[in-house]
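Presented below is the structure to which this report refers.
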């Protein structure tokens, strides 16, 4: 059992406000001038353009060609191979303790103690599972983290967790952006961005990148590198005009980015992303975080296909505004950290600073979400597993850093 350390001061990052929506221009009518009215955004106004080239240090090398060149030198390893080489263990949380974490607790685990469960420099954010990827029972859980920025900012990493064992084992993989050196050699750099929610579909991993859009990774292209120089990343050339060795700080495996979907439509804060296998065809849901009630956050539905068939542009198929009622007026539901849809119902994880979070459900047209369960302090992304009818989430703050599933049935 992990004690709750009440003395920990959690530095909750302040997040910028969502910009105000555009308004329609003045329009002339017969005999009168119409007053300006708010423009109603159509789903297709939210879109992302696919980018296949890097943008690192002015380098515009092809992602695909650079990754293939790296793979030719380093070779690729599978998810199963990484899990077989897991170097850390978490611990399952029994039901009695779990009910102190969340009313509707089903099952879950915490990270290795005192390491990842209490490490101050990294924050877990996104969660996705085998069900998202294949529609199969959960054997593997993935969690994204971002580095808060210490002496060496390592950027973003992905934890691969073997959930099928009695004592979950896992390994961290560094997420990197490939590019070419001035000498033309393939290399990679850390991605020093806020890794948000993640959606694992097939062999593709989508990572939310706040206002930028989505970063895309091919999980069949995990690379093995040297891990004996903890302050070094990428290629260290040998000085004789030949390529040298590749490093990933103290990570044995790196996952290179292979594409990006850049937000070129209306302003949207990509905080949470999830897979919806209950829709036909399958879709991706993106949700916004806003810190106050003056802005009404939205959930955006995007088409979801295997990367090999991905379109040049992801165009919104649906957009919904999430609201709640206060004092007879409709206001925005603030602090949404995760969003997932199951048929016609949306589930939301809502944080509350240093207090415990809450799981809500919401249906389009309703002005108030329905409370479903308490959650741990600092709940983040959501992922639905239909095989167990549970919703997975993870906590980001030290000591409250659990990865667990809850029953979405109403509490009480």
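None of the figures in this text is laboratory data; all of them are computed from the coordinates on show. What you see is a predicted model; the values in this text were computed from it and never measured. Glycine also receives a Cβ, built like all others from the backbone with ideal geometry; neighbour counts cover every protein chain displayed.
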In nm, give the distance between the simple-model label positions of residue 136 and residue 226, each being 7 Å from the Cα along the Cα-to-Cβ direction. 3.6
Specify whether the C-alpha gyration tensor of segment 40-181 places it in the rounded, prolate or oblate class, a ≥ b ≥ c being the square roots of the eigenvalues: rounded for a/c under 1.5, otherwise prolate if a/b is larger than b/c and oblate if not. prolate
Tell me, 172, 89, 47 in order of fewest to most beta-carbon neighbours within 10 Å? 89, 47, 172
Working out 0.36 nm times the residue gap between residue 166 and residue 182, then minus their Cα-Cα distance, what length gain in nm do you get to one decimal? 0.9 nm
Separation of the residue 294 and residue 212 label points, Cα + 7 Å toward Cβ, nm: 2.8
Between (1) 23.7; (2) 26.2; (3) 22.0, which entry matches Kirkwood radius over Cα pairs in Å as derived from the coordinates of this structure? (3)
If you restrict to DSSP beta bridges whose two residues both lie in the chain, what percentage is antiparallel, to the nearest 5? 95
Quick note on 232, 141, ordering by fewest other C-beta atoms within 10 Å, gives 232, 141
Taking a ≥ b ≥ c as the square roots of the eigenvalues of the Cα gyration tensor of segment 332-395, is the shape rounded (a/c under 1.5), prolate (a/b larger than b/c) or oblate? oblate
P(r) of segment 227-343 over all Cα-Cα pairs, binned every 10 Å from zero, in whole percent: 11, 28, 22, 20, 13, 4, 1, 0
What's the extension gain from residue 118 to residue 386 if we count 0.36 nm per residue and subtract their Cα-Cα distance? 93.4 nm
Expected sort for 407, 344 with the fewest Cβ neighbours (10 Å cutoff) up front is 344, 407
Prolate/oblate/rounded call for segment 164-241, Cα gyration tensor, a/c under 1.5 rounded: oblate
Residue-averaged 222 nm ellipticity for the chain, from DSSP H runs of 4+ at -39500 (n - 2.57), nearest 500: -2000 deg cm²/dmol
Inter-label distance, nm, simple model (7 Å from Cα along the C-beta direction), residue 49/residue 278: 3.6
